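The values are calculated or read from the model by the stated rules, or taken from the named source; none is laboratory data. Because the structure is a prediction, the values reported are computed rather than measured. FYI the Cβ positions are ideal-geometry reconstructions off the backbone, even for glycines, and counts take in every protein chain you see. When the accessible area is computed, the model is the full protein with side chains, heavy atoms only, and any ligands, DNA or RNA have been set aside. Shrake-Rupley method; radii C 1.70, N 1.55, O 1.52, S 1.80 Å.
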Amino acid sequence: MAITSFDELVAKVKSGKKPTVALVCANDAHALEAVIHAKDLVNSILVVEGDKVDELNGILTSLGQDPADFEIEIVPEGMHPSVCAAQLIHAGRANFLMKGKIMTGNLLKGVLAPEAELRTGSLMSHVMLFEVPGYHKLLCVTDGGMCTYPDLEKKAGIVRNAVDFFHKIGIEKPNVAALCAIETINPKMQETVDAAELKRMSLEGELEGCYVEGPISYDLAMVPELSAVKGYTACPCCGDFDILLVPEIVVGNVLGKCLTYTCGGRMAGLIMGCKVPIVLTSRGSSAEEKYYSLAMGAGFVS
């Protein structure tokens with residue numbers, strides 16, 4: 001059954017075997033709060049460097065937890081924490097990763113290291129998922145957090161990552177809107193050229209398991225009445241898109257924050273493109289966002 005809300009996603013995760021998240025550099029109060037809050041969804045292994053164990057235990061105690069109740073994995077001396085977490089994945093002890101008290105760049109450096117063996121050859125990208133009041137299903141915006149100014153090849157990779165997630169939650173052929181400012185191809189606006197090419201690729205099977213429409217503006221993509229008024233009648237899925245592909249990171253970042261802070265949407269996010277998803281939220285993210293991001297990761301690996 002296709003998942004259309006975060007509540008349904010949570011119910012799906014709870015109905016299956018509880019997966020395990022490896023929290024990289026677990027001596028972080030915000031990340032620990034998220035894992036504790038989501039203990040109904042996931043088990044956890046707390047990956048921590050040896051000289052940070054006392055700090056970790058202190059944080060757990062301050063949060064009202066007994067450190068003895070948690071599985072703690074101490075990083076061997078000289079090993080990158082992400083590589084240690086990756087070994088838990090390969091050993092079958094963990095199913096996906098979450099960022100703790102480590103800079104994003106350093107986390108990814110370890111994830112990308114050959115010895116981590118987590119790369120697939122695919123592009124890594126950020127998949128943001130929203131539950132927006134007034135919209136009838138979950139809506140994805142990508143990429144607003146990782147790929148800055150993607151070319152056509154990278155945009156295709158971004159689409160594949162988002163589509164892969166939707167397949168995992170029961171959407172067999174998600175609709176993708178390649179967003180632009182206009183609905184016609186303009187050689188001076190590269191995003192319109194790319195959008196048209198992505199549509200061709202989806203129609204001819206080069207982008208499998210989805211339908212891409214583009215170039216198309218946000219208003220026409222989201223409001224079918226406007227598409228009729230403007231004569232944009234060739235699109236079969238206006239008002240029914242699953243994925244909004246943005247032309248570059250600023251658009252995705254702004255759109256995501258608008259949906260969250262202005263429209264009252266609920267948000268979650270993952271980094272996709274490796275052998276396992278990575279939960280990466282900001283320190284300012286709400287407990288709800290962290291909870292649903294863990295649900296996203298659990299839902300993908302379940």
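The table for this structure:
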{"read-out": "The lone exception for Ala29 - which of (1) more than 21 Å from the chain's Cα centre (by Cα); (2) more than 28 Å from Asp7 (Cβ to Cβ); (3) at pLDDT below 95 it fails", "value": "(2)"}
{"read-out": "Region 210-227: number of residues that are open to solvent by 30 Å² or more (accessible area, probe 1.4 Å) and closer than 19 Å to Asp164 by Cβ", "value": "1"}
{"read-out": "Residue among Val53, Val42, Val75 that alone is touching a Cys at 6+ places or on another chain (Cβ under 7 Å), modelled with pLDDT of 95 or more and under 25 Å from Asn106 (Cα atoms)", "value": "Val75"}
{"read-out": "Sole residue being within 21 Å of the chain's Cα centre (by Cα) and of a type in the set (Val, Ile, Thr), chosen from Val75, Val21", "value": "Val21"}
{"read-out": "In region 164-204, the residues that are assigned to a loop (DSSP other than H, G, I, E, B) and open to solvent by 40 Å² or more (accessible area, probe 1.4 Å)", "value": "Glu172, Lys173, Ala181, Ile182, Glu183, Thr184, Ile185, Asn186, Pro187, Lys188, Met189, Glu204"}
{"read-out": "Test: residue in region 156-163 that is more than 19 Å from Leu259 (Cβ to Cβ) and either open to solvent by 50 Å² or more (accessible area, probe 1.4 Å) or modelled with pLDDT under 95 (or both)", "value": "yes"}
{"read-out": "Subset of region 1-59 (residues that are β-branched (Val, Ile, Thr), surrounded by fewer than 24 Cβ atoms within 10 Å (Cβ to Cβ) and in a strand (DSSP E or B))", "value": "Thr20, Ile45"}
{"read-out": "Given (1) more than 28 Å from Val193 (Cα to Cα); (2) buried (at least 22 other Cβ atoms within 10 Å of the Cβ); (3) not aromatic (Phe, Trp, Tyr), number of the condition Gly273 does not satisfy", "value": "(1)"}
{"read-out": "Out of Gly121, Gly78, sole residue that is closer than 25 Å to Leu32 by Cα, open to solvent by 10 Å² or more (accessible area, probe 1.4 Å), without any contact (Cβ under 8 Å) to a residue 40 or more places away in the chain and among the small types (Gly, Ala, Ser)", "value": "Gly78"}
{"read-out": "Boolean, Glu49 is within 18 Å of Met98 (Cβ to Cβ), of a type in the set (D, E, K, R) and over 21 Å from the mean Cα position of the chain (by Cα)", "value": "yes"}
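Matching residues to (1) on the phi < 0 side of the Ramachandran plot; (2) surrounded by fewer than 23 Cβ atoms within 10 Å (Cβ to Cβ); (3) in contact (Cβ under 8 Å) with a residue 40 or more places away in the chain; (4) aromatic (Phe, Trp, Tyr):
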{"position": "Val229", "(1), (2), (3), (4)": "yes, yes, no, no"}
{"position": "Pro247", "(1), (2), (3), (4)": "yes, yes, yes, no"}
{"position": "Lys257", "(1), (2), (3), (4)": "yes, yes, no, no"}
{"position": "Gly264", "(1), (2), (3), (4)": "no, yes, yes, no"}
{"position": "Met267", "(1), (2), (3), (4)": "yes, no, yes, no"}
{"position": "Ala287", "(1), (2), (3), (4)": "yes, yes, yes, no"}
